[in-house]
Amino acid sequence: MSGSPADGFEIERKWLLHRLPPGLEDPAGPLVAGGERWEIRQGYLAAPSESDFVALTGRVVPESEVPTVGRIREIRQTRDGRGAVRHVHTLKGGSGLVRREVERPITEAAFEAAWAGTVSRRIEKVRWRIPEAGLLWEIDRFRTVPVVLAEVEAPDRDAALAIRLPTWLATCIDREVTDDPEFTNAELAFRSGRIGGSSGGNGADLR
């Protein structure tokens, strides 16, 4: 997700859905009247090193802030309902409820150059962003694998654990998957590659 509430961290809960909430695909419906619909494609490059975190943040990252497990290097393109396009390079580390996250905007040219290095590690999805009760709920329907997820960020761990599902979403929940590594976006991208994505491709540096 873009825009972590805590500096340098992503504090997020996630649920697997068995269906989309009713009316979500109706742009005039009350559920999405105050929300947004995004088209997203993202891919995963070779795992980042400690020097990648230094290069991205522009400073020497304290050892305690550099993840030692679950390091992910992601590039993402988003297109909102007005047609505005944004490209982002993100480094993530850790797993579960609280993860380290550092991101920066990149140019379209940099994104397209690096995209070649994500073959067999890509996802495409539609995202609905729905604000409610001070939270921003994000519903992702993946096009590359048959999965629908709901995500929500919080400013800290306690606030995240206190989150209650809105009524329009509760009936669609299969189970919570916050701590299930099978439902990270990176794992879904790798799964997509295994079940029908193309193979090959070389890594590319982001400039």
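The values are calculated or read from the model by the stated rules, or taken from the named source; none is laboratory data. The structure displayed is predicted, hence computed values, not measured ones. Here the Cβ is made from the backbone with ideal geometry for all residues, glycine too, and neighbour counts use every protein chain on show.
Within the stretch 102-134, the set of residues being out of contact with any Leu (no Cβ under 7 Å at 6 or more places or on another chain), at pLDDT below 95 and within 17 Å of LYS14 (Cβ to Cβ) comprises just one member, GLU132.
State yes or no: is ALA28 surrounded by fewer than 19 Cβ atoms within 10 Å (Cβ to Cβ), at pLDDT below 75, out of contact with any Pro (no Cβ under 8 Å at 6 or more places or on another chain) and more than 25 Å from PRO131 (Cβ to Cβ)?
no
Scanning the stretch 99-137 for residues that are of a type in the set (S, T, N, Q) and within 17 Å of ARG79 (Cβ to Cβ) turns up just one, THR107.
For residues in the stretch 112-149 being small (Gly, Ala, Ser) and buried (at least 19 other Cβ atoms within 10 Å of the Cβ), which is nearest to GLU182 (Cα to Cα)? Only one residue tops the list, namely GLY117. Just checking, does the stretch 189-203 include any residue being assigned to a strand (DSSP E or B) and either modelled with pLDDT of 95 or more or of a type in the set (Ser, Thr, Tyr) (or both)? No, there is no match, as no residue in the stretch 189-203 is assigned to a strand (DSSP E or B) and either modelled with pLDDT of 95 or more or of a type in the set (Ser, Thr, Tyr) (or both).
Residue check: ALA162 meets all listed conditions (1) modelled with pLDDT under 95; (2) over 13 Å from GLU10 (Cβ atoms); (3) among the small types (Gly, Ala, Ser); (4) surrounded by fewer than 17 Cβ atoms within 10 Å (Cβ to Cβ) but one, namely (1).
Among the charged types (D, E, K, R) and in a strand (DSSP E or B): does that describe ARG73? Yes, satisfied.
Here GLY81 does not qualify as more than 22 Å from ILE163 (Cβ to Cβ), at pLDDT 70 or above and touching a helix residue (DSSP H, G or I) at 6+ places or on another chain (Cβ under 9 Å). Of the residues making up the stretch 1-25, those that are at pLDDT 75 or above, more than 17 Å from ILE163 (Cβ to Cβ) and either exposed (fewer than 14 other Cβ atoms within 10 Å of the Cβ) or not charged (D, E, K, R) (or both) number 7. ASP174 meets the conditions (1) surrounded by fewer than 16 Cβ atoms within 10 Å (Cβ to Cβ); (2) outside any strand (DSSP E or B); (3) in contact (Cβ under 8 Å) with a residue 60 or more places away in the chain in every case but one. The failed one is (2).
Checking the structure you have, find out if any residue of the stretch 42-50 is at pLDDT 70 or above and of a type in the set (Phe, Trp, Tyr). Checked against the condition, which is being at pLDDT 70 or above and of a type in the set (Phe, Trp, Tyr), the stretch 42-50 yields at least one hit.
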